[in-house]
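Novice: Take a look at the following structure, please.
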Amino acid sequence: MASDTAASSLPPDLFDQTTIISLLSTLAIVATAYATSRQALAPTTSTALRFLFIWHLADALCHFLLEGSFLYHCFFSYVVPGEGDVRDVVSLFPTPYNFLGFEDRRIYGPQAGGSNPFAQLWMVYARADRRWAGADLGVISLELLTVFFDGPLAVYICYLIAKKNPKASIWMIVLATCELYGGFMTFCPEWLTGNINLDGSNFMYMWVYLVFFNMLWVFIPLYAVWYAFNDISNAFAARSTKKNL
């Protein structure tokens, strides 16, 4: 009986078609990065470097395709309640006053994207964090840096790894620092306000959307820092040994 009650409390759209396609899209990004690594890296490339290449390419694709689409809808998709719009205004994430210089009642974000696949993808994630449904200024500010700085830098790191350029370690530390800082600044406002925009009421929202997908950008950047630090330290040690000969 208890299990029946728990099951009935789950949202009916927990595993709908949009959700499944959204989750599969992330797997497609990882598969693309892995396939590219098979073409771009030498067979003798270490497992650690191959993993970091795949990570940084998948990271770049996520930033460009997914988070880039979020920015697109924040800047170009909007509805004006009362002007032929039939949706429930109360359920929409409010847009800050004077956003982009408009003083009317425009509501921006994926929530205004209609049937656009990327808008639908973000509305799936917004079930766990409703800020991603609309135009939250803090999130947009971070995503501008993520898409236009972190994304290109991740591609550059992949290039350096493929060329066996030791500068990759330096830039991996820079990018990892950006990712860790960005993650903290994304969730710290919620922690300080009692997580008012977060919904961890079921396993999918809490452990898949909020924890798993976000903690990837914590533990893997930390691993990248660890790898790069050791690589740079070994280079300094080798130089010191050479000077003492």
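Novice: For segment 129-199, state which trypsin sites (Lys or Arg not before Pro) are in a DSSP loop and have at most 16 other beta carbons lying within 10 Å of their beta carbon.
Specialist: Within segment 129-199, the qualifying trypsin sites (Lys or Arg not before Pro) (loop, at most 16 other Cβ atoms within 10 Å) are LYS163, LYS164.
Novice: Helix-only estimate, please: 222 nm mean residue ellipticity of the chain, summing -39500 (n - 2.57) across DSSP H runs of length 4 or more and dividing by its residues, to the nearest 500.
Specialist: -19500 deg cm²/dmol
Novice: Continuing with this model, one more query. Hey, rough spin-label estimate for ILE20 and PHE219, points 7 angstrom out along Cα→Cβ, what's it come to in nanometres?
Specialist: 2.7 nm
Novice: Just to be sure I understand the model, the point goes 7 Å from the Cα along the line to the Cβ. What's the resulting ALA40 to PHE229 distance in nm?
Specialist: Computed distance between label sites ALA40 and PHE229 equals 2.6 nm.
Novice: I've got another one for you. Please work out, to two decimal places, the log10 of the ratio I(q)/I(0) at q = 0.14, 0.21, 0.23, 0.24 Å⁻¹ from a Debye calculation in which every Cα of segment 163-245 carries one identical scatterer.
Specialist: For segment 163-245, the Cα-only Debye profile gives -0.63, -0.98, -1.07, -1.11.
Novice: Before anything else, pin down the relative contact order of segment 33-172: Cα pairs under 8 Å, at least 6 apart, normalised by residue count, whole percent.
Specialist: Once divided by the residue count of segment 33-172, the mean separation gives 29 percent.
No value in this document is a laboratory result; all are computed from the given coordinates. Here the structure is a predicted model, which means the values were calculated and not measured. Here the Cβ is made from the backbone with ideal geometry for all residues, glycine too, and neighbour counts use every protein chain on show.
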